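The values are calculated or read from the model by the stated rules, or taken from the named source; none is laboratory data. The structure presented is a predicted model; accordingly, all values stated were derived computationally and were not measured. Ideal geometry is used to build each Cβ from the backbone, glycine not excepted, and the neighbour counts take in all protein chains shown.
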Amino acid sequence: MPADTYEVTPSTRDHTRAMPALFTGAAMINAAISGASAVATIVAADRLGAGWGGLPNVAAISGTGLGALMVTAVMGRRGRRAGLVVGYLCATAGAALAVFAVAHNDVAGLSLGMLCIGLGNAAAGLSRYVAAELYPPRRRGFAIGVLTWAGTVGAVGGPLLLGPAAAAATRLGGAAALGPLVLAALAAGVAVLAATAAPATVVEHGGPAAKVRPLLAMPTVRSAFAVMATAQLVMIAVMTAAPLDMHLHGHGLGEVGAVLSAHTLGMFALSPLTGRLVDRVGTRPVMLGGLLTLSLAAVLTAANTHTQPRAVALLLLGYGWNLCFIGGSTQLTQNLPQSQCVQVEGAVDSGIWSIAAIAGLGSTAILATGGYPALAGLAILAVIPSALLVSRTATTSS
């Protein structure tokens, strides 16, 4: 589409060619981590037992949190493009390590490889801020929405290629699990090439390091972080417990897969629409709408265990997260000087992924002790403080 369709200013119009490169990089890393995560879980469960099947994915989440700090440190010294390239190179090396580890029945090596892929996942997440800088403040919601939508391509495309990749590996005489991991390494390699193709004038503008703590204390930054962290906590906790709860109620894997597909659709598919909504009405109404949607989704998820109602509930859960994520991300870009935003973005993303790791570990424990009603109740309680904080915080975009 023509650049002026999105009201790009003359100073940025020449740089919109970077969007395809940023989009490709994010989509490829999402494909790599979604495919590798599925295989890593199965491999770890086969080697160590079902109770340890989540170990590689916990490593990937931890790597994403660590990577947010590492990548932003590189961006602050060497520029945006350098940070993306380093992160994607780590993902490529991690996927290659995972291939080697699976070939040698080494779960520890596989987990280390997944941690490195998580470093690349952090870079893919931070690329949304690089995209936002291509546009003036009134159009940044749309830019962040487009980069978030790249997750749809990866999250859907990666799993769809698991079967063909596994079959190809088997035909070549290797273990089936090797195929998807090799594919993940190739996808991450494409992301590296895409990042190097981004124009240097857009992505490379590293500035002096800023002190993060005073910036995080700014009301608009604090409310954006609170909303995104709450959304991540509620989404991960409710979504992680859903397959186990459905299994305990006698649902098969096909029904579980359909419900999770609806959830993924809610998370990513409407991202450009959410971005336009942010640009039109402001960040605060969108974030409050997201928190309300998350609360409603938690109640609906606990109220009915049948497949169709549960699918609707998790679709709403995904879209509530989407509203909070894009609204909060846009608020950060609109309320921080460009020279100071890199460190804050990394600190915020690192905190969000750390919370995701805690939520993933704790959700099934809460489900086992109090059931889904207890999980839904805690989710709603978590939403209330963030909603009050956003309501009391003035933003430049509301």
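If the condition is being surrounded by fewer than 24 Cβ atoms within 10 Å (Cβ to Cβ) and not small (G, A, S), then the stretch 18-41 contributes M19, P20, F23, T24, T41. Looking at the stretch 211-302, the helices (runs of 4 or more DSSP H) lying wholly inside it that each contain 3 or more residues that are at pLDDT 90 or above, under 20 Å from L375 (Cα atoms) and out of contact with any Lys or Arg (no Cβ under 6 Å at 6 or more places or on another chain) sit at 219-248. R47 falls short of the stated requirement of being among the basic types (K, R) and either touching a His at 6+ places or on another chain (Cβ under 9 Å) or modelled with pLDDT under 65 (or both).
Yes or no, residue by residue, for (1) within 17 Å of the chain's Cα centre (by Cα); (2) within 15 Å of A382 (Cβ to Cβ):
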{"site": "T283", "(1), (2)": "no, no"}
{"site": "T301", "(1), (2)": "no, yes"}
{"site": "L314", "(1), (2)": "yes, no"}
{"site": "W321", "(1), (2)": "yes, yes"}
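Filtering the stretch 69-80 to residues that are crowded, with 24+ Cβ neighbours inside 10 Å and at pLDDT below 90 leaves T72, M75, R80. In the set (1) buried (at least 18 other Cβ atoms within 10 Å of the Cβ); (2) over 24 Å from W353 (Cβ atoms); (3) in contact (Cβ under 8 Å) with a residue 40 or more places away in the chain, L181 fails one condition alone, (2). On the basis of being modelled with pLDDT of 95 or more, hydrophobic (A, V, I, L, M, F, W, C) and over 17 Å from A27 (Cα atoms), does L115 make the cut? Taking the combined requirement at face value, the residue satisfies it. The one condition from (1) within 19 Å of A27 (Cα to Cα); (2) in contact with a Cys (Cβ under 9 Å, 6 or more places away or on another chain) that L97 does not meet is (1).
Residue count for the stretch 312-363 under the criterion of being hydroxyl-bearing (S, T, Y), at pLDDT below 85 and crowded, with 22+ Cβ neighbours inside 10 Å: the result is 2. Inspection of the stretch 294-304 finds no residue satisfying the criterion of being more than 25 Å from A241 (Cα to Cα), touching a residue at least 60 places away in the same chain (Cβ under 8 Å), of a type in the set (A, V, I, L, M, F, W, C) and surrounded by 22 or more Cβ atoms within 10 Å (Cβ to Cβ).
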